[in-house]
Amino acid sequence: MCGIVGYVGPQEATPIILNGLMRLEYRGYDSAGIAVIDAQGAIHVRRSVGKLAELEHLVAQQPLAGTVGIGHTRWATHGVPAARNAHPHVGMNGRVVLVHNGIVENYLPLRAELEAEGIQFASETDTEVIVQLVERYLESGCSLETAVRRALGHLTGAHGVVLMTGDEPDRLVAARIGHAGGVTLGVGEGEMFIASDLPAVLRHTRRMVFLEPGQMAVVEADRYRVTTLAGEPVPAEEQVVSWDPVSAAKGAYERFMKKEIHEQVEALTATIGGRLDLEAGRVFLPTLPLTDDAARDLTRLFTVACGTSYYSGLAGKYMIESLARLPVEVAYGSEFRYTDPIIDRSTALLAITQSGETVDTLVSMEEGRRRGARLWSIVNAIGSQAMRIADGYIGMQAGPEIGVASTKAFTTSLADQYLLALYLAAKRGTLSATEIRARANDLLALPRLVSQVLAQDETIRQLAIRLARYRNFLYIGRGINFPVALEGALKLKEISYIHAEGYPAGEMKHGPIALIDEQMPVVAIVTQDRVYEKMLSQVEQAKARGGLVVALANEGDQTIAEKADYVVTVPVAPPLLAPIVNVVPLQLLAYHMATWLGLDVDQPRNLAKSVTVE
Ligand code: G6P
């Protein structure tokens, strides 16, 4: 979950690394650090607790010079956020320095063993055992590459590491074990970059090499070499990525989350674009090959995901079951493997993940693979693990999502599930070409509908200001809008720290209704669909208990206008696509409440964008 950056080349490393860290700060932001090697081969380290600005301040006071360096932004697992626990970590004798992403599961016995040998530790982290192990091997005469290889052999758990030593001041050694987040090499002209995520290096190069788990790389300014951890050479495959640095920067927006909410029109257009042949009534998913026979043989789909992606999966179930008549079960990535799932070759497992790195989702994919499922993913981050290990994938086309609270990945992954549903429907023969054409046509209206919601940004901000004083919220919806209620509540709690619960509206009377009073606003999704009447009666029930009701309703709905305290209007959308439209005002509501409260919406406390620990 931490961010890693490395540089080796002719330029000063510090500004490049700090800039890279700034673009990765969404990954972790409780402390940060940087190390560079100077012209004499001496390592200099600066570390500070708090956000990156603190480190920048420190570096401004105590500058660093050198053209080879590594940096890190941390999300604490072992050891409180403190300068001593921040990375880079240095070996006891100062010969080697390391940044790390992951958890050393067996660090306690390793630490005890090293301490028994007289090695003194300077931090409470699990990470430090790695650097001490590497230094021990260096002291016995190994090269950095061999020392890293041997040290990694002692570790259990999943890791991404980058190291450097003053003994070999022209190179960095990077390695990846398991799913602790990516390690990407950015190939420049006479310079090389290393990063845990693309935004850190996009302004320098788009030529990337993605390290697979079990691979390591020795990186010099004008060359690099990839091997397995056992030392076997691996032919490195360079990929040119299409993301551009502008889309990974804030641009005119004050915050990434705001930018990303507004980018949904463009992101949905890109997601739908080129995937429909309306005349023929066909959907193209070239990266998810499937024969008609294989599609017909499918008996069940498991969707696995975490956080917002999980809620997207819950709404996608309605789409796939309704259009492709394929039973769908949706599971949390962190729970899936404990359910003893019934899987065979006629089962498909669909992982939904913006980052393509969420370790619980990746482990579920492995479990699906082990049990013989066909593996698919819907994923945003290009070159990520979830994209590479799947038999087929659909790219979200959302562009980089930096705000910790996911927004455009929710709506684009829903559009992708709708496309998948139509694709399966055609192959399974559950819809005719005419029906598919009509359904596909519905998709085309989405960018316009979403832009109509976005036009109400200021109205929603005014409402948010009125609501920001409440400390508890209930979000309710029925049918396909129940997952939207869950997502609306999640957005609010993530960034405003206000307690919010999403509930299926019909279940209110079995418990949550007891909570309702004038201090507990109820946000009800009451759009015109087959559960409209039932939702109206839920609103009545809340009002009868003195509740304050904020209704999300379709334009021109007089009935709800008379019942609710506040109404946010959304355009009418086809029922299966309504979540994509209805979630947008809830994203804006949460965004404006949190900013009104003066909170950091892009980097909410305790959270991280990519969760690479179990
Ligand atoms: C973290 C993020 C969420 C995200 C979840 C799943 O918790 O803060 O915004 O929804 O991980 O991430 P994924 O990358 O797998 O979609």
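Can you give the charge dipole size of the chain about its Cα centre, rounded to the nearest 20 debye, using +1 on the beta carbon of Lys and Arg and -1 on the beta carbon of Asp and Glu?
That gives the chain a dipole magnitude of about 1040 debye.
Enumerate the calculated ³J(HN,Hα) couplings along the range 400-410 in order (Karplus 6.51 cos²θ - 1.76 cosθ + 1.60, θ = phi - 60°), each rounded to whole Hz, writing x wherever the residue is Gly or Pro.
For the range 400-410, the Karplus curve yields x, 10, 9, x, 4, 7, 6, 10, 5, 5, 5 Hz.
Place a +1 charge on the Cβ of each Lys and Arg in the range 3-252 and a -1 charge on the Cβ of each Asp and Glu, then give the dipole magnitude about the Cα centre in debye, rounded to the nearest 20.
440
What is the magnitude of the charge dipole of the range 451-596 about its Cα centre, with +1 placed on the Cβ of each Lys and Arg, -1 on the Cβ of each Asp and Glu, and no other charges, expressed in debye to the nearest 20?
260
Show me, for the range 473-486, the HN-Hα J-couplings you get by feeding each phi into the Karplus relation (A = 6.51, B = -1.76, C = 1.60, θ = phi - 60°), rounded to Hz, glycine and proline as x.
My calculation for the range 473-486 gives 9, 10, 10, 10, x, 10, x, 5, 8, 5, x, 5, 4, 4 Hz in order.
P(r) for the range 454-559: what percent of alpha-carbon pairs falls in each 10 Å bin, starting at zero?
15, 50, 33, 2
Search the structure for amide H atoms under 5 Å from the amide H of Val568, placed 1.01 Å from N in the peptide plane, and list their residues when 5 or more places away or on another chain.
Sorted by chain and number, the residues that satisfy this are Ala551, Leu552, Ala553.
Using modelled backbone amide H atoms (1.01 Å from N, in-plane), which distant-in-sequence or interchain residues come within less than 5 Å of Gly356's amide H?
The list, which skips near neighbours in sequence, is Asn380, Ala381.
Among all the lysines, which ones have a C-alpha under 29 Å from Lys317's C-alpha, if same-chain residues fewer than 8 places away are not counted?
Qualifying lysines at Cα under 29 Å: Lys258, Lys259, Lys408, Lys427, Lys491, Lys493, Lys509, Lys534, Lys609.
For a test of the definition: using alpha carbon positions, the gyration tensor, and the 1.5 limit on a/c, classify the range 273-444 as rounded, prolate or oblate.
Oblate, since a/c reaches 1.5 and b/c is not below a/b.
Between Leu597 and Asp457, what length in nm is gained on full extension when 0.36 nm per residue of separation is reduced by their alpha carbon distance?
48.7 nm
Can you list the HN-Hα couplings for the range 212-222, worked out from phi with the Karplus curve (6.51, -1.76, 1.60; θ = phi - 60°), rounded to whole Hz and with x for Gly and Pro?
The phi angles translate into 7, x, x, 10, 9, 9, 9, 10, 10, 4, 10 Hz.
For a quick protection proxy, order the peptides 85-98, 427-440 by their average other-Cβ count within 10 Å, most packed first.
The peptides rank, most packed first, as 85-98, 427-440.
Within the range 493-544, list the GluC sites (Glu not before Pro) lying in a DSSP loop whose Cβ has at most 16 other Cβ atoms in a 10 Å radius.
The qualifying sites are Glu518.
If you take all C-alpha pairs in the chain, what percent of them are over 37 Å apart?
37
Subtract the Cα-Cα distance of Asn472 and Ala82 from 0.36 nm times their separation in residues, and report this length gain in nm to one decimal.
137.1 nm
Enter the Cα centre distance for the pair the range 267-330 and the range 140-219, rounded to the nearest angstrom.
36
Here, each number is a calculation from the coordinates, and none is a lab measurement. Since the structure is predicted, the reported quantities are computational estimates derived from the model, not experimental observations. Cβ atoms come from the backbone with ideal geometry, glycine included; neighbour counts cover every protein chain shown.
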